1. Would you check if residue 253 is over 25 Å from residue 42 (Cα atoms) and in a helix (DSSP H, G or I)?
2. Can you name the residue in the range 157-174 that is β-branched (Val, Ile, Thr) and modelled with pLDDT of 75 or more and is also surrounded by the most Cβ atoms within 10 Å (Cβ to Cβ) among such residues?
3. Regarding residue 194, is this residue within 19 Å of the chain's Cα centre (by Cα), surrounded by fewer than 22 Cβ atoms within 10 Å (Cβ to Cβ), part of a helix (DSSP H, G or I) and modelled with pLDDT under 85?
4. Output the residue which, of all residues in the range 79-121 that are crowded, with 18+ Cβ neighbours inside 10 Å and over 17 Å from residue 230 (Cβ atoms), is modelled with the lowest pLDDT.
5. Which of the residues belonging to the range 122-142 are part of a helix (DSSP H, G or I) and modelled with pLDDT under 75?
6. Residue 236 is checked against (1) under 30 Å from residue 38 (Cα atoms); (2) in a loop (DSSP other than H, G, I, E, B) and fails just one. What number does that condition carry?
7. When residue 102 is evaluated against the numbered criteria (1) in contact (Cβ under 8 Å) with a residue 40 or more places away in the chain; (2) in a helix (DSSP H, G or I); (3) not aliphatic (A, V, I, L, M), which criterion, by number, is the only one it fails?
8. Return yes when residue 54 is in contact (Cβ under 8 Å) with a residue 40 or more places away in the chain and aromatic (Phe, Trp, Tyr) and no when it is not.
Amino acid sequence: MINLFVKGFFIGVGKVLPGVSGSMLAITFGIYDKIIEIMSYPLKNIKKNILFLFPICLGFLLAIIITSIFLKYLILKYYNIVIFCFIGLISRGIYNLKKEIDFNKKNIIITIISFLIVFSLKFINNSFNIINYSFISIFFLGIIEAFTSIVPGISGTAIFMILDCYEFVLTLFSHYFIISYLKYTIPFLFGIIFGLIIISRIIHILLKRNKSELYSSIIGFTIGSIIILFLTIKIDNLYSLIIGIILFLLSFTLLTKK
């Protein structure tokens, strides 16, 4: 139980930190396949599954609340520094995934299409106000949270930043149990539960049958996310650019060493 709680805690930290994939940590801990199997078939071996998931979820939730409060402070005070580090971490995800892909014509096309989808999200949201914090839009955010939690290597943080709602999601993470936030947390949690049940089964099938194509789309999403995040940085002078580049290289290199 304690072992699973600790694993859940670190997966939760990885979920909140941009560029650090919670699902990749689950793979490292050897519990990813089991979690996907349970999410795909939640009514099978219910008692056994609850005993397995409960300590993981408890550690996961605790880590999210603690990490969200700390990270929100950093973004407010040191935005440029944090974003350069985020970009380095997210770029690391591409580095880790490239070995899983056969770069043939089909996969390159999938990567380009995925890139264009993510790159256009920012402008579509600005034009049509997709995230207006209604019940439906928050439910949609919950589905995104579920999707990015399940798919190895993809950063949910980057997607939320593109949609200009990352700070809002951090606030939800750190205020789960505050009554005044229930009108937001309830549809968000419903979206997560719905997404986990539906998307986990789809991902379960894709990982077995179309792993290379799935990872090609993830790389496209990631590249688009990196470019959009970079465009949010305000470079005041050459000094700040140099500092940013150093932070990028440190965050990328530090985490790619074996």
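The values are calculated or read from the model by the stated rules, or taken from the named source; none is laboratory data. All figures in this text were calculated on a predicted structure; none of them were measured in a lab. Cβ coordinates were reconstructed from backbone atoms using ideal geometry, including for glycine residues, and neighbour counts include every protein chain displayed.
1. Values: over 25 Å from residue 42 (Cα atoms): yes; in a helix (DSSP H, G or I): yes.
Spelling it out, residue 253 is indeed over 25 Å from residue 42 (Cα atoms) and in a helix (DSSP H, G or I).
2. Our first condition is that a residue be β-branched (Val, Ile, Thr); within the range 157-174, this holds for 157, 159, 162, 169, 171.
From what is left, the residues that are modelled with pLDDT of 75 or more are 159, 162, 169, 171.
Working: 159: 23, 162: 23, 169: 25, 171: 16.
Out of the qualifying residues, it is 169.
3. Working: within 19 Å of the chain's Cα centre (by Cα): yes; surrounded by fewer than 22 Cβ atoms within 10 Å (Cβ to Cβ): yes; part of a helix (DSSP H, G or I): yes; modelled with pLDDT under 85: no.
So residue 194 does not fit the description; no.
4. Looking at residues that are crowded, with 18+ Cβ neighbours inside 10 Å and over 17 Å from residue 230 (Cβ atoms), I get 97.
5. Within the range 122-142, the subset part of a helix (DSSP H, G or I) is 122-128, 135-142.
Selection gives 122, 123, 124, 125, 126, 127, 128.
6. For residue 236, the exception is condition (1).
7. It is condition (2) that residue 102 fails.
8. Numbers: in contact (Cβ under 8 Å) with a residue 40 or more places away in the chain: no; aromatic (Phe, Trp, Tyr): yes.
So residue 54 does not fit the description; no.
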